[in-house]
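The values are calculated or read from the model by the stated rules, or taken from the named source; none is laboratory data. In this text the structure is predicted, and so the values were computed from the model without any measurement. We place every Cβ from the backbone using ideal geometry, glycine too, and count neighbours over all the protein chains shown. Each accessible area value is taken on the protein alone, full model and side chains, heavy atoms only, with ligands, DNA and RNA left out. Shrake-Rupley method; radii C 1.70, N 1.55, O 1.52, S 1.80 Å.
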Amino acid sequence: MKSWGWLALLLGALLGTAWARRSQDLHCGACRALVDELEWEIAQVDPKKTIQMGSFRINPDGSQSVVEVPYARSEAHLTELLEEVCDRMKEYGEQIDPSTHRKNYVRVVGRNGESSELDLQGIRIDSDISGTLKFACESIVEEYEDELIEFFSREADNVKDKLCSKRTDLCDHALHISHDEL
């Protein structure tokens with residue numbers, strides 16, 4: 001009878017590890033897709049476009065404390081992007097990396113709405129995957145909104161690693177993943 005207890009304990013540990021890895025792959029993939037989408041959206045804004053930030057009250061000397069900042073990386077624009085970015089997770093599919101057996105999420109629809117030029121062989125595309133990825137994305141936006149705005153308000157290199165791995169630990173296993181998956 002003792003052997004059944006050990007077997008149940010071992011099976012529970014293995015299933016727990018598999019679930020944790022699947023959850024980590026999902027949240028890491030959602031974070032990386034979120035970063036890709038935000039970087040692309042920011043790049044679409046005219047760099048000359050600005051927005052006035054600061055206080056619109058008049059100081060005692062008659063001046064105002066207003067500054068013009070680039071719109072693309074303004075808090076107002078980033079907040080607007082964060083409200084709708086997770087809807088784009090429906091444009092992603094799931095792919096299993098053959099060498100690591102980890103799940104990656106890749107864009108399967110081009111930015112113009114047409115099918116992507118990617119080889120879609122080995123990529124699972126269904127509403128369960130996109131729904132789960134969207135939910136993970138929304139959870140990340142809700143939990144890390146301040147960090148997302150902080151990182152994207154200024155230009156930075158390797159945002160995926162800095163945000164998804166080092167700052168949030170969502171991808172602590174993924175420092176070796178290349179940045180040009182898409």
TODO: Would you please list the contacts, defined by Cβ atoms under 8 Å and residues six or more apart or on different chains, that run from a residue in segment 33-53 that is charged (D, E, K, R) to a residue that is open to solvent by less than 40 Å² (accessible area, probe 1.4 Å) and assigned to a strand (DSSP E or B)?
DONE: ASP36/ARG107
- [ ] Among residues belonging to segment 97-116 that are of a type outside the set (S, T, N, Q) and touching a strand residue (DSSP E or B) at 6+ places or on another chain (Cβ under 9 Å), point out the one that is surrounded by the most Cβ atoms within 10 Å (Cβ to Cβ).
- [x] TYR105
TODO: Kindly provide the set of residues from segment 134-160 that are under 19 Å from ASP25 (Cα atoms) and hydroxyl-bearing (Ser, Thr, Tyr), ordered by number.
DONE: SER139, TYR144
Open item on the list: Being within 19 Å of ARG111 (Cβ to Cβ), modelled with pLDDT under 95 and open to solvent by 60 Å² or more (accessible area, probe 1.4 Å) is the requirement here; does GLU39 meet it?
Closed with: yes
Task: Conditions (1) charged (D, E, K, R); (2) modelled with pLDDT under 90; (3) open to solvent by less than 60 Å² (accessible area, probe 1.4 Å); number of the one not met by GLU94 - done: (2)
Task: Matching residues in segment 143-155 - criterion: being within 14 Å of ILE42 (Cβ to Cβ) and either open to solvent by less than 40 Å² (accessible area, probe 1.4 Å) or under 12 Å from the mean Cα position of the chain (by Cα) (or both) - done: LEU148, ILE149, PHE151, PHE152
Open item on the list: Suppose we keep only residues that are basic (Lys, Arg) and at pLDDT below 90 within segment 124-163. Which one would you say is farthest from VAL85 (Cα to Cα)?
Closed with: ARG124
- [ ] May I ask you to list the residues in segment 37-68 that are of a type in the set (S, T, N, Q) and not in a loop (DSSP other than H, G, I, E, B)?
- [x] THR50, GLN52, SER55, GLN64, SER65
- [ ] Give the number of residues within segment 57-67 that are closer than 19 Å to HIS77 by Cα and either open to solvent by 70 Å² or more (accessible area, probe 1.4 Å) or at pLDDT below 75 (or both).
- [x] 1
Task: Qualifying position, being modelled with pLDDT of 90 or more and either within 19 Å of SER165 (Cα to Cα) or not acidic (Asp, Glu) (or both), among GLY29, GLY12, GLY5, GLY54 - done: GLY29
- [ ] Please enumerate the residues belonging to segment 69-78 that are open to solvent by less than 40 Å² (accessible area, probe 1.4 Å), part of a helix (DSSP H, G or I) and touching a residue at least 60 places away in the same chain (Cβ under 8 Å).
- [x] LEU78
